[in-house]
Amino acid sequence: MWNPSLFFPPTTRLFIFICILRRHSRMPLVLAVCFSFVLSIFPFGAPGAVRINELYYDHPGKDAGHEFIELIQTDSIPLGLDGYAIEFHNGAGSGWESIWQAGPLDSIAPGGLFVIGGGAVTPRPDAVLELNLQNGPDAVRLIAPTGPMDLLGYGDLDDPEYVEGESAPGVSAGESLGRKPDGRDTDNNRADFHSMVPSPGRFNVPRKDVSLALAKGVDPRAVVEEGAVEDVRFVLRNDGVEPVGEHAVQIQLWDSTGAALVLAGQSSNAEAIPPAAEIEIGFTIDLAGGYHYLRVNALYPADERTGNNVLNLVRRAGTPGVLISEVMSCPKDICPQYVELYNAGTEPYDIGGHYLRDRAHTFSLVLSESNILDPGGYLVLTPDRDALVSCFPSLSFSLAVEVEGAWPTLNRSGSGGVADSVIIGDAWRLPVDAVAYPPQPSDTRGKSLERVDLFPGSATAVWILSRDPAGGTPGRNNSAGLTERPRKGTVSLTPNPFVPIEGEKLMITVNPETAVTRAVVVAFDIEGRKLKTIGAASDFPHVFAWDGTRDGERIVTPGFYIVACEFYSAQGARIGVEKVVVGCGSKRRN
């Protein structure tokens with residue numbers, strides 16, 4: 001800020017002070033003498049380096065109240081604007097029209113800005129008035145006491161009376177024309193002025209400005225394991241034209257959960273940051289189960305642009321236990337598709353505000369209102385609730401939800417062993433559950449795919465065709481669902497015996513000890529001859545399904561067989577095997 005004590009001796013400052021005290025005096029002669037003396041010692045009225053720095057002429061909607069013209073002066077002393085004016089040229093006509101004249105007390109500080117604009121401009125302009133500018137091609141010019149000082153033509157103008165060099169390009173509604181850098185004047189409007197976000201009363205290129213951005217590889221929204229420790233890293237960049245001093249910026253990390261808002265970390269820039277340079281900063285944070293709304297703040301008192309000083313992140317630690325339990329992708333002609341949800345968790349879960357999608361489409365809103373899914377309960381999502389209940393009379397109307405958004409038409413067939421995928425996302429589009437399901441043979445129309453592994457923490461979804469006479473079990477227990485999480489160190493088989501000739505499958509649930517990193521399940525006949533490798537897995541607990549076929553896809557004959565589960569360490573060494581005898585029947589007894 002300009003300090004008069006640097007320019008005037010004590011006697012002069014005293015005289016000015018006396019004049020101010022006598023401002024209400026009825027002695028016109030004394031006031032006139034005071035005013036004349038002040039004008040004599042200020043360099044007001046002398047032409048200086050004043051330029052049009054920014055122009056905003058097209059506001060979205062109505063322009064009234066929002067238009068502004070910003071002036072800049074680059075001298076090192078205050079400049080009085082008495083005698084200055086701004087004129088406007090309508091490109092549809094000729095000549096100039098005066099739209100503003102400075103008053104005797106208008107001035108610009110050294111290197112400062114002066115804004116003329118409507119009452120809706122923020123911050124409040126130095127001179128408030130309606131400019132009534134047009135959207136171009138038009139021109140504005142600055143008139144000094146000695147004559148024209150600066151000219152800005154915008155749009156398609158080429159008459160040298162109304163443009164310096166080439167005219168500046170027109171801008172879209174909501175954008176302004178501004179000099180970059182501030183005050184730069186090459187006498188070519190196109191080279192000097194650029195479209196930008198309006199910044200009345202602020203430099204177009206800030207002197208002091210820092211911004212925050214996520215470091216490479218850091219997602220703004222993510223799901224992590226419950227109890228995870230995350231290193232949240234971000235970039236602090238100097239977007240100003242002046243250096244940022246060491247420890248000038250304070251960084252805070254706030255963690256907002258359902259329980260409290262806490263300051264999870266605090267730091268500062270340990271080194272100075274030159275213009276256009278950046279440094280990386282990080283915080284380590286413990287993420288207990290549930291949602292974490294993280295906010296990173298950069299506190300820089302000198303900042304001229306505070307709108308880029310905040311980062312918001314969302315983390316969900318753990319999963320709520322809601323599973324996609326059944327998919328009807330190939331219904332009968334008169335019936336709609338559906339996706340069934342099952343709450344395998346221990347807490348009620350609100351499905352309101354959630355989204356659904358398939359592999360090829362974007363998320364679509366399921367339900368905007370609250371709908372509670374109780375532990376062990378079901379909800380069935382469909383594009384047509386009335387038609388679905390008509391096709392499955394046992395389905396309670398209250399358990400069927402007609403999605404509000406577009407239904408993601410689910411594929412019946414596909415390549416690579418996958419027909420399609422189904423993802424249920426929360427309000428942040430973070431996946432609550434995501435599954436891929438296999439193709440269905442064309443002769444299975446009207447049958448749903450039922451998920452077997454319906455316990456929390458299941459590694460991979462395992463699907464079988466519904467064996468229910470209705471073709472599906474929407475809103476009730478699946479025909480072969482396993483809802484109890486297997487104990488550590490166990491291998492279990494169900495049903496035993498099973499009848500593969502009737503389409504029944506043997507479910508093999510494996511949940512080995514911690515030292516096991518890989519399990520392979522193999523079927524043998526009773527004499528130890530290998531029939532088939534049923535599958536392998538590295539994520540546990542895992543469910544395998546055996547359809548009773550040997551290599552070559554022939555169903556084995558009725559009798560007794562051995563299912564062996566071989567366990568391997570991280571080094572690849574076999575560290576154990578568990579064998580179970582299973583019976584293969586020819587017919588299921590009622």
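Of the numbered criteria (1) at pLDDT 95 or above; (2) within 24 Å of the chain's Cα centre (by Cα); (3) farther than 30 Å from G446 by Cα; (4) assigned to a loop (DSSP other than H, G, I, E, B), the one A270 fails is (2). Within region 507-524, being touching a Pro at 6+ places or on another chain (Cβ under 7 Å) and among the polar types (S, T, N, Q) holds for T509, N511. For region 518-564, the tally of residues that are in contact with a helix residue (DSSP H, G or I) (Cβ under 6 Å, 6 or more places away or on another chain) and either over 13 Å from P500 (Cβ atoms) or among the hydroxyl-bearing types (S, T, Y) (or both) stands at 0. Of all positions in region 533-548, at least one carries a residue that is part of a strand (DSSP E or B), touching a Phe, Trp or Tyr at 6+ places or on another chain (Cβ under 6 Å) and under 25 Å from S325 (Cα atoms). Has region 517-526 got any residue that is of a type outside the set (G, A, S), in a loop (DSSP other than H, G, I, E, B) and surrounded by fewer than 18 Cβ atoms within 10 Å (Cβ to Cβ)? The answer is yes, given that some residue of region 517-526 is of a type outside the set (G, A, S), in a loop (DSSP other than H, G, I, E, B) and surrounded by fewer than 18 Cβ atoms within 10 Å (Cβ to Cβ). Out of G103, G119, G136, G65, one residue alone is at positive phi and surrounded by fewer than 18 Cβ atoms within 10 Å (Cβ to Cβ). It is G65.
Listed conditions (1) buried (at least 21 other Cβ atoms within 10 Å of the Cβ); (2) over 18 Å from V115 (Cβ atoms) are all met by P160, apart from (1). Among the residues of region 66-78, those that are closer than 10 Å to G111 by Cβ and not in a loop (DSSP other than H, G, I, E, B) comprise I72, Q73. Quick check, is F567 at pLDDT below 95, within 45 Å of the chain's Cα centre (by Cα) and either surrounded by 12 or more Cβ atoms within 10 Å (Cβ to Cβ) or among the acidic types (D, E) (or both)? When the stated conditions are applied, F567 does not pass them. Quickly run through region 102-138 and pick out the residues that are of a type outside the set (F, W, Y), closer than 27 Å to R305 by Cα and touching a strand residue (DSSP E or B) at 6+ places or on another chain (Cβ under 6 Å). Within region 102-138, S107, I108, L113, V115, I116, G117, G119, V121, P125, D126, A127, L131 qualify. Between a residue in region 555-582 that is in contact (Cβ under 8 Å) with a residue 60 or more places away in the chain and any residue that is among the acidic types (D, E) and surrounded by 17 or more Cβ atoms within 10 Å (Cβ to Cβ), which pairs come within a Cβ distance under 8 Å, given they are 6 or more apart or on different chains? Hits for this filter: G576/E566. Restricting to region 92-110, what's the tally of residues that are of a type in the set (A, V, I, L, M, F, W, C) and closer than 18 Å to A49 by Cα? Going through region 92-110 one residue at a time, the tally reaches 3. Any residue at all in region 428-449 that is within 30 Å of I575 (Cβ to Cβ) and hydrophobic (A, V, I, L, M, F, W, C)? Within region 428-449, none of the residues are within 30 Å of I575 (Cβ to Cβ) and hydrophobic (A, V, I, L, M, F, W, C). Checked across region 94-103, the condition of being of a type outside the set (A, V, I, L, M), closer than 23 Å to H194 by Cβ and in a strand (DSSP E or B) holds for no residue.
Exactly one residue out of D219, D231 is loosely packed, with under 13 Cβ neighbours inside 10 Å and in a strand (DSSP E or B), and it is D231.
The values are calculated or read from the model by the stated rules, or taken from the named source; none is laboratory data. For clarity, every value in this text was computed on a predicted model and none was experimentally measured. Note: ideal-geometry Cβ built from the backbone for every residue, glycine included; neighbour counts use all protein chains shown.
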